[in-house]
Structure formats: structure tokens, C-alpha cells
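The values are calculated or read from the model by the stated rules, or taken from the named source; none is laboratory data. A quick note: this is a predicted structure, and the numbers were derived from the prediction, not measured. Note that we place each Cβ from the backbone using ideal geometry, even for glycine, and neighbour counts take in every protein chain shown. Note: accessible area is taken over every heavy atom of the protein model, side chains too, but ligands, DNA and RNA are not part of it. Shrake-Rupley method; radii C 1.70, N 1.55, O 1.52, S 1.80 Å.
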Amino acid sequence: LVGCGDTSPAAPKPSVATPLIGQAFELAGTIGDTSQPVELQSYGKKGWVTVDSGTTKANGSYSLAATNSNEKTRYRVVTAPKGNSKSMASPAVTVEAAEDKISIGVYRIGSEGGVSGKASPTIAGRRFTLQGKEGGEDWETLVDRVVEDSNGTVRTSFDLEDEKMAFRFVAEGIDGSPGTKSRVESFTPGPKRIGSNVIYLTTDTGKDPI
């Protein structure tokens, strides 16, 4: 595949620098200097395969849809042969996608329970839900909106119960990505009365043990 005239196409640029695996994004650029059909291709085991197609604007600009199913995918844009001109291909660009992950830790802060996690990659403002359950019961929402901060930290609190509980963070996907769940973390409340041979003890209520 060779260039057409003196126009040298540049590699397409993704609309999201590091999309999540499964997240839809756009690849935009310019190829040629007229309106013409183009195809967006990705490279895999079967070679170059078309994943989207469209028509450029009069100045040769385009925007085509893509989704990474793997962490790294190569893309290029090609034109169809036209008249005496051969097809043209842009340089390939490698788009790196990130696995959607969230950690979790459960702890006590005085008379309340605390839950925090670290999201990767950081997407400030993303909403997570804290879910909890006792024993074999179904998961229920304890905190509907836990917002990720600019450092990727997700943090909230909960009321301490008498029974052992399990917790997890859950987030919906973004633009087609499957979403994510943390591992399940359990929390066991402390005793209400102090036993023998205890050197130090903090109760769930924060008061001195009886």
C-alpha cells in the first residue's frame, strides 16, 4: 500500500489515551485530501481485519469506532483503490487498554466501620457502590454512591453490626466495558465483654468494655 499524491497520512489518534478493556472509543485522523470511503483495521492472528468503516469529509478527516478486547491492539486506516491511484494506508498506532480493577480493605474507625479501595486506572469522579451481606444472604447496597477521588481512592463508612459481614465494591462499565468488582472482604465485630488474659481491647461502640 502506497501513498496517493503528495499526501502522507498520519497515524490515527485515540479519543481516550488509555481506555478500559471493552470500552468504546474513537480513532481520528486525516487520510488523503478528498471525501472517500475508508476502513479502520486492527491486527491480530488473522492479519489486518476491518472493524469499522466510513467516509472521510471533504478534507480527508475521519473518526471511526474501536474497542480493545486485549491490553494492546494495533490499528490503521486504509482507503480503497480509486481510478489510477492505489489504496493508501496510515501508519499503525498501538492502543494500550487497561484492566478495570478495584481493591478493598475493611477496618474499624471508633464506633463505625470503614471501607476503602484503590481503583486502577484512576478515573476521578467515577461512582462505585458498596455492597454487603451476612452469611448466605443476597448482596444488598449499603452505600449507593461512593465517588473515586483524583488519586483513585474510594472510601466510605458503615454502621457496625453484631454479625460478621462480607463487603465488596462494584462499579458499572464505561461505554461498553464490563465493569468491575473488588474481591470479597469480611469483617468480624469485636466482643462486647472483656475476657481473661486480655491486655488491650477496643470495643465496637468505642466505650470501655464491661
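Restricting attention to the range 58-84, report how many residues are in a loop (DSSP other than H, G, I, E, B) and either of a type in the set (D, E, K, R) or touching a Ser or Thr at 6+ places or on another chain (Cβ under 8 Å) (or both).
6
Identify the residue in the range 165-182 that is assigned to a loop (DSSP other than H, G, I, E, B) and farther than 14 Å from Lys118 by Cβ and, among all such residues, is most open to solvent (accessible area, probe 1.4 Å).
Glu172
Just to be sure before I move on: is Thr122 open to solvent by 50 Å² or more (accessible area, probe 1.4 Å), farther than 21 Å from Leu20 by Cα and at pLDDT 95 or above in the structure I sent?
no
Does the range 96-104 contain at least one residue that is part of a loop (DSSP other than H, G, I, E, B), acidic (Asp, Glu) and at pLDDT below 95?
Checked the range 96-104: no residue is part of a loop (DSSP other than H, G, I, E, B), acidic (Asp, Glu) and at pLDDT below 95.
Please work out if Glu39 is acidic (Asp, Glu) and closer than 30 Å to Ile102 by Cβ.
Against the criterion (acidic (Asp, Glu) and closer than 30 Å to Ile102 by Cβ), Glu39 does not qualify.
Residue-wise test of (1) of a type in the set (D, E, K, R); (2) farther than 18 Å from Glu26 by Cα; (3) open to solvent by 60 Å² or more (accessible area, probe 1.4 Å).
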{"position": "Lys46", "(1), (2), (3)": "yes, yes, yes"}
{"position": "Arg76", "(1), (2), (3)": "yes, no, no"}
{"position": "Ala89", "(1), (2), (3)": "no, no, no"}
{"position": "Glu99", "(1), (2), (3)": "yes, yes, yes"}
{"position": "Ser111", "(1), (2), (3)": "no, yes, yes"}
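Is at least one residue of the range 41-56 of a type in the set (Lys, Arg) and not in a strand (DSSP E or B)?
yes
Looking only at the range 147-164, which residues are part of a strand (DSSP E or B) and surrounded by fewer than 10 Cβ atoms within 10 Å (Cβ to Cβ)?
Asp159
Tell me, please, whether a residue that is within 30 Å of Thr180 (Cβ to Cβ), touching a strand residue (DSSP E or B) at 6+ places or on another chain (Cβ under 9 Å) and among the aliphatic types (A, V, I, L, M) can be found in the range 71-87.
Checked the range 71-87: no residue is within 30 Å of Thr180 (Cβ to Cβ), touching a strand residue (DSSP E or B) at 6+ places or on another chain (Cβ under 9 Å) and among the aliphatic types (A, V, I, L, M).
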